[in-house]
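Enquirer: I'd like to ask some things about the structure below.
Computed from the coordinates by the stated procedures, all read-outs in this text should not be read as laboratory data. As the structure is a prediction and not an experimental result, all values here were calculated from the model. Cβ atoms come from the backbone with ideal geometry, glycine included; neighbour counts cover every protein chain shown.
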Amino acid sequence: MLEVFNCGLFHTDFNLGNLLIKDSTWDFFIIDMQAAHLAKRGYLNTKKIAANLAFLLPVFSKIENRYKLRFFVNLSKHYPELKGRLWFIQEKAFQKMRTHWLKKGYRNLKKSAPEIFFKNKNGVHGYLEGSAEPTIRTYLVVNPDELFKFTEKNLKKSKRAKLAAIRFEGRRYILKRYNLKNWRHRLKRLLSPSLAWKIWKTNYLIKLRGISTSHLLAAVDVGTGLGYRCSYALYEYIDNISEGYRYIQDSFLDDRKRPYMMRRLAKLAWELHQKGIRHGDFKASNIIWSFDEQKGNLKVIDLDAVRFNRFLRDGQRIADLKNLASYFLMLDPDPAKTDLLFDEYVHLHPPWQHRRDRLYRSFRTKALRQLNHRLKREESRSPFPKQVV
C-alpha cells in the first residue's frame with residue numbers, strides 16, 4: 001500500500017479482485033489499470049489515499065475490527081493525517097457497499113438464491129429452497145396449513161399472524177401464517193407483488209448484507225387476486241430459542257451484564273443501519289441470542305417491516321432505537337438504564353457526537369411515547385389496568 005501511495009497511483013477500482021499475489025515471493029501485482037491514473041504531483045494527498053482505502057475496505061467487511069485497526073495504525077505511522085479520516089474511509093466504504101447491494105440484490109436474486117418456484121391448480125404458489133425435505137414439500141405445495149397439526153408449541157397467535165414451532169419427521173421448524181386482517185390487507189395483496197416473493201426476497205437480501213437471521217426454507221401464497229387467503233413461511237428451527245430470548249432480558253435486568261448487552265445491541269443496530277437496513281420492528285423479542293458461538297451471536301428475526309435504503313436519516317435510526325428502548329422500559333421503567341443503548345450507539349456513530357443532546361431528547365421522548373402506546377395496548381388486552389407513564 002505504501003508503495004502504491006508513494007508512487008502516486010490512484011486506482012478507482014481498488015479491490016482484491018484486481019490484486020495478484022505470487023506465492024513463492026509474496027510479490028503483489030495490480031491489474032485492471034484502465035481504472036487507474038497517476039497523480040499530477042507525483043504523490044497522493046491524504047484525501048486521495050482515503051478514497052483508495054475506501055475502495056479496498058468493503059472486501060474486509062467480515063474481518064474483525066482489531067485486525068483493521070492494526071492495518072490503519074501501521075499506515076498512520078507513515079501518514080498521520082489518516083487518523084482524522086478513519087470515519088470518512090469507513091463511511092465511504094459502506095456507501096459503496098450499499099450501492100452495490102441495491103444494484104445486485106434485485107437483479108440477481110433469482111440467479112443466486114437456490115430456489116424452486118411452483119404453482120398448482122388450487123392457487124397455491126411460492127418458493128422452496130432446494131434443501132427442503134421432499135416430504136415436507138408435499139404439504140407446502142398442496143396445503144401448508146396441514147403442517148400446524150404437527151405443532152409442538154404455539155409461539156404467537158393474533159389477527160395478523162400465527163406462529164408455531166412444529167416437529168415433522170424428527171426435525172423442528174418454525175411455521176408462520178400471515179392472515180388477512182381487514183379489507184385493506186386484501187386490497188394491498190391485490191395491488192402489491194406476491195407476499196411470498198417479498199418474504200423470500202427480504203430474507204435473501206438480509207443474508208447478502210451479512211446479517212445473521214433464521215434460515216428460510218419456503219414462502220407460499222394461497223390464492224391470487226381477490227381469491228387470496230393467506231401466506232406461509234417455513235424456517236429452520238433455532239436451537240435454544242426460548243433461552244436466547246430470556247438471556248437478553250435477564251442481561252438487561254442484571255447490573256453487571258447490562259453494559260455488555262447494551263453494547264452488543266447498539267452495535268447490531270448500528271451495523272444494520274450502516275448496511276442500509278431499517279428493521280421497522282426492532283425490539284428484544286425479535287432478537288435472539290444464539291449460543292452456537294463462544295461470544296454469542298445475535299440473530300435478527302421478524303423481517304416483515306424491513307426496508308432497504310441507500311442512506312438512513314437520523315429519524316429512521318432513532319425509530320429503531322426507540323422501539324428497542326421501549327421494550328426494555330416495559331421490563332424496568334428507569335430511563336437511565338436504556339440511556340446506555342443510546343450512548344453506545346453514539347460512540348459507534350461519530351456524526352451524532354456533536355449533536356448528542358438534541359438527538360437524545362428526541363430518542364427519550366419517542367421511547368416514552370412508544371412505551372405509553374405499548375402499555376395502553378396491554379391494558380386493552382388485560383382486565384387488570386396498568387399505570388401509564
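Enquirer: Phe117 to Arg229: FRET efficiency via 1/(1 + (r/R0)^6), r the Cβ-Cβ distance, R0 22 Å, to the nearest 0.05?
Expert: Efficiency, rounded to the nearest 0.05: 0.70.
Enquirer: Would you calculate, for the chain, the mean residue ellipticity at 222 nm contributed by helices, counting each DSSP H stretch of 4 or more residues as -39,500 (n - 2.57) and dividing by all residues, to the nearest 500?
Expert: Result for the chain: -15000 deg cm²/dmol, rounded to the nearest 500.
Enquirer: Debye sum, Cα scatterers, region 162-237, no solvent: what log₁₀ I/I(0) at q = 0.12, 0.23 1/Å?
Expert: -0.38, -1.05
Enquirer: Do you know the relative contact order of the chain, to the nearest whole percent, from alpha carbon pairs under 8 angstrom that are 6+ apart?
Expert: In percent, rounded to a whole number, it is 11.
Enquirer: So, one more: When you take every Cα atom in region 253-327, what is the radius of gyration, and what is Dmax, the widest Cα pair distance, in Å?
Expert: When restricted to Cα atoms, region 253-327 yields Rg and Dmax of 12.6, 37 Å.
Enquirer: Could you pull out every one of the aspartates and glutamates with an alpha carbon less than 19 Å from that of Lys121, ignoring same-chain neighbours closer than 8 positions?
Expert: Straight-distance partners of Lys121: Asp145, Glu146, Asp221.
Enquirer: If you don't mind, there's one more thing I want to ask. Cross-link partners among lysines for Lys162, C-alpha distance below 16 Å, same-chain residues fewer than 8 apart left out?
Expert: The reachable lysines, counting only those whose Cα sits under 16 Å from Lys162, are Lys149, Lys153, Lys176, Lys181.
Enquirer: Let me ask something else. With springs only between Cα atoms under 10 Å, which of Tyr67, Tyr235, Tyr204 fluctuates most in a Gaussian network model of the chain?
Expert: Taking springs between Cα atoms under 10 Å, the residue moving most is Tyr67.
Enquirer: Moving on to the next point. Spin-label point model (7 Å from Cα, Cβ direction): what's the Asn297 to Arg171 distance in nm?
Expert: 1.8 nm
Enquirer: Assign one of three labels to region 113-225, namely rounded, prolate or oblate, based on the Cα gyration tensor with a ≥ b ≥ c the square roots of its eigenvalues; rounded applies when a/c is under 1.5, prolate when it is not and a/b is larger than b/c, and oblate otherwise.
Expert: rounded
Enquirer: Which one, Asn323, Ala269, Phe5, projects farthest toward the positive side of the charge dipole computed for the chain from Cβ point charges (K/R +1, D/E -1)?
Expert: Asn323
Enquirer: State to the nearest 20 debye the size of the charge dipole of region 173-237 about its Cα centre, where the only charges are +1 on K and R beta carbons and -1 on D and E beta carbons.
Expert: For this selection, approximately 300 debye.
Enquirer: Moving on to the next point. With charges only on Cβ, +1 for K and R and -1 for D and E, what is the dipole size of the chain about its Cα centre, in debye, rounded to 20?
Expert: It works out to roughly 1580 debye.
Enquirer: In nanometres, what is the gap between the two model label sites at Leu2 and Leu155, each 7 Å from Cα along Cα-to-Cβ?
Expert: Rounded to a tenth, the inter-label distance reads 5.2 nm.
Enquirer: Okay, next question. Can you compute the FRET efficiency between Tyr245 and Ser76 using 1/(1 + (r/R0)^6), with r the Cβ-Cβ distance and R0 = 35 Å? Round to the nearest 0.05.
Expert: 0.25
Enquirer: Mind running the shape call on the chain? Use the C-alpha gyration tensor, a ≥ b ≥ c as the square roots of the eigenvalues: rounded below 1.5 for a/c, prolate if a/b tops b/c, oblate otherwise.
Expert: Since a/c reaches 1.5 but b/c is at least a/b, the shape of the chain is classed as oblate.
Enquirer: What does the charge dipole of region 268-340 about its Cα centre add up to, to the nearest 20 debye, if the Cβ of each Lys and Arg holds +1 and the Cβ of each Asp and Glu holds -1?
Expert: Once rounded to the nearest 20, the dipole reads 360 debye.
Enquirer: Rounded, prolate or oblate: which fits region 246-389, taking a ≥ b ≥ c as square roots of the Cα gyration tensor eigenvalues, rounded meaning a/c under 1.5, else prolate when a/b beats b/c?
Expert: rounded
Enquirer: Putting +1 on Lys and Arg Cβ atoms and -1 on Asp and Glu Cβ atoms, find which of Trp26, Asn15, Ser76 reaches farthest to the positive end of the dipole of region 1-94.
Expert: Checked the options; the winner is Ser76.
Enquirer: Using the basic label-point model (7 angstrom from Cα toward the beta carbon), what is the Arg313 to Asp255 distance in nanometres?
Expert: 4.1 nm
Enquirer: Scaled to the compact-protein estimate 2.2 N^0.38 Å, what is the alpha-carbon radius of gyration of region 180-282, rounded to two decimal places?
Expert: The reported ratio for this selection is 1.38.
Enquirer: I would also like to ask the following. Computed FRET efficiency, Cβ-Cβ of Lys188 and Glu91, R0 41 Å: what is it to the nearest 0.05?
Expert: Computed FRET efficiency for Lys188 and Glu91 comes out at 0.70.
Enquirer: Taking a label point 7 Å from the Cα of Lys83 along the Cα→Cβ vector, which residues of region 349-367 have an amide N closer than 11 Å to it?
Expert: Of the residues in region 349-367, none has backbone N under 11 Å from the label point off Lys83.
Enquirer: Relative contact order for region 108-221: what is it in percent, counting Cα pairs under 8 Å that are at least 6 residues apart?
Expert: RCO, region 108-221: 27 percent.
Enquirer: So, one more: Cross-link list Lys119/Lys283; Lys207/Lys376; Lys47/Lys299; Lys83/Lys275: which exceed 31 angstrom alpha carbon to alpha carbon?
Expert: Lys119/Lys283; Lys207/Lys376; Lys47/Lys299
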